[in-house]
Amino acid sequence: MGPPPGGPLPPGPAWAPPPIKPSAGWYALPVAFLAAALIAIGLMVGLAVNDPGVASASPKSGDPRQGVAVDLVGGYNYFLYVRSGQSAPYACTVQQGSQSSDVRLTRKNSWSANDKAGYSYAATFEAPVSGQGLLTCRGPGGRVLVTPDDTQDFYLGMSLVVGLPLTVFAVLGFAFVAIRRNNARRRRDQALVHPY
């Protein structure tokens, strides 16, 4: 038996407005891009602020037995090159005035040392003093070349190469999600006004 005349109608399927897609959780992706970009740019700024201009200093060459006049910044690394085919030095010292300081020869950052014309990478040393000094070495038979360790410039470049695209991706991601969610919200509002 059906409902009495004038009685309530049987309940029908509930109508729900379309959901807003993409969900707000999609903002996490551009936020992650932005965070990575800020880290990369922060690293770049930190390296630039702490750079005393060592990497841009001019290379110096000379006879290591007589001494090579070099401009040093204490605590920073320098690459030592020898003439192609010559043996690497086994001991070096820096003379500054009446003081002499031994330098420890290592292979630090050797991966970023490019061979110069007529020279091959031999070692890396950390400057024990600041100012002009006379570098003497024992071992090689020919001229040597001393250049600043420019690995920091590589990191600066990589920070720029990584940071800028990530910033662009973050901005585009925010714009894409915001536009899509705005369009979905507009469709939902229209459906609420005109559900059928």
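The values are calculated or read from the model by the stated rules, or taken from the named source; none is laboratory data. What you are looking at is a predicted structure, and each value in this text was computed from that prediction instead of being measured. We place every Cβ from the backbone using ideal geometry, glycine too, and count neighbours over all the protein chains shown. These area figures cover heavy atoms from the full protein model, side chains too; ligands, DNA and RNA do not enter into them. Shrake-Rupley method; radii C 1.70, N 1.55, O 1.52, S 1.80 Å.
How big is the charge dipole of the stretch 40-176 about its Cα centre, in debye rounded to the nearest 20, if each Lys and Arg gets +1 on its Cβ and each Asp and Glu gets -1 on its Cβ?
Values: 9 positive and 9 negative charges, 88 e Å.
Dipole magnitude for the stretch 40-176 comes out near 420 debye.
Using a 1.4 angstrom probe on the protein heavy atoms only, line up 108, 116 by accessible area, largest first. If you can, show how the numbers build up before the last one.
Values: 108 110, 116 80 Å².
Ranking 108, 116 by accessible area, largest first, yields 108, 116.
I'd like to check one number: the per residue accessible area of the stretch 78-122, probe 1.4 Å, reported in Å² as a whole number. The partial results should precede the final answer.
On the way: 2680 Å² over 45 residues.
Accessible area per residue: 59 Å².
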